[in-house]
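Here's the structure we're looking at; comments come further down.
All of the numbers you see were taken from the coordinates with simple rules; none came from a lab. Keep in mind it's a predicted model, so treat the numbers as computed, not measured. Here the Cβ positions follow ideal geometry from the backbone for every residue, glycine too, while neighbour counts run over all protein chains shown.
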Amino acid sequence: MIPDCCEQNMAWKNVKINDEAHMICFTKKNESWEVLLTNLIEIWVETLTDETMFQKFQTLNPLVSLEAFDWKQLVMDMLNDIPKHIHTCIVDISTYRIELRKNKDFVKLKFSLDLLKETPQQFWENVTMPLCLSSMELVRRYKILLDLVKQKDEEITEYKAEGAELIRKYIATKPFSEELFHIDTTASTATDFVKTFQCIFHFYNEMNLSTSHTKIESKISLNSASDNSPKIDENVFHNSKDEFVQKLRQDKSCEQEHSNVKECDQEAGPSSKTPMLKISNTSHRIHKLKKNKKTLSDFIS
């Protein structure tokens with residue numbers, strides 16, 4: 001399962017603490033914020049909420065009137081660019097205390113971070129796993145592009161065999177060879193790992209951004225499809241239903257009348273001529289009833 005923190009945009013910035021290269025990141029997580037510091041071996045973290053930020057800012061700036069400043073925006077400005085606002089840093093066995101400062105209208109505002117050393121699990125979730133996911137995606141894209149380039153070379157060879165020629169000679173390319181990937185392999189030993197780390201995480205953020213954008217577009221298309229679906233006019237249905245009920249009542253009344261006529265015919269006997277007329281009329285009425293009888297689907301349609 002991928003943690004929620006890996007779905008956030010994590011912009012790591014390099015910072016030197018005691019002449020040692022570190023990476024620091026400020027990111028939002030659910031309803032709070034996290035500050036993460038790593039030397040690519042271990043990780044230190046502090047979780048901040050609105051309440052803790054307010055308490056720290058008020059404690060470190062007791063003479064500042066909070067009504068005169070948008071204190072939260074000032075704190076967020078410092079946290080969004082921590083390397084720029086670092087004033088001092090005190091390193092303990094398991095903690096990093098970093099003091100930040102920002103000038104505002106001739107006033108030096110202060111804020112502090114107290115980062116505690118976290119477990120290897122935290123290092124895995126925030127550093128190792130995003131790097132692994134980025135590497136897997138790079139390998140997938142590498143294979144796709146490699147196959148595409150090979151197919152393009154075959155296509156160009158086919159065109160040349162049929163006599164096709166380039167008009168712009170300067171865009172001609174040589175057939176691709178995988179041996180290019182194995183030339184000068186010793187150059188990677190002098191890599192700046194901090195810049196490499198930043199580059200990979202930049203790619204990781206772009207990868208997550210494109211995935212989120214695709215999900216949003218898919219959700220919008222589904223909502224549009226549901227909005228365009230046909231709707232039933234409830235008033236038409238209600239009127240048809242009332243008309244159908246009224247017709248059923250009329251049919252029931254006719255059937256009751258037919259039943260009364262039949263009882264009279266049985267009492268009068270077969271020799272009477274009048275009942276014959278009544279029966280004939282009744283038969284005509286029944287035939288008419290069956291002809292005019294409609295169903296609910298007839299009214300709806």
What is the spin-label model distance, in nm, from residue 154 to residue 88 if the labels are put 7 Å beyond Cα along the C-beta direction? 6.8 nm
Starting from the Cα of residue 52, step 7 Å toward the Cβ, then list every residue of the stretch 112-148 with an amide N under 15 Å from that point. 112-119
Per-residue ³J(HN,Hα) for the stretch 199-208, Karplus 6.51 cos²θ - 1.76 cosθ + 1.60, θ = phi - 60°, Hz, x for Gly and Pro: 5, 5, 6, 5, 5, 4, 5, 5, 4, 5
Report, by chain and number, residues whose modeled amide H sits under 5 Å from the one on residue 48, excluding near sequence neighbours (fewer than 5 apart, same chain). 33, 34, 35
Near residue 172, within a Cβ-to-Cβ distance under 11 Å, what is the net charge of the other residues, with Lys and Arg +1 and Asp and Glu -1? +3
Are there any GluC sites (Glu not before Pro) in the stretch 29-99 that are in a DSSP loop and have at most 13 other Cβ atoms within 10 Å? List them by number. 31, 67
For a 30 Å ceiling on Cα separation, which of these pairs sit above it: 117/195; 56/195; 108/195; 28/56? 56/195; 108/195
If you take the alpha carbon radius of gyration of the stretch 4-122 and divide it by 2.2 N^0.38 Å, what ratio comes out, to two decimals? 1.06
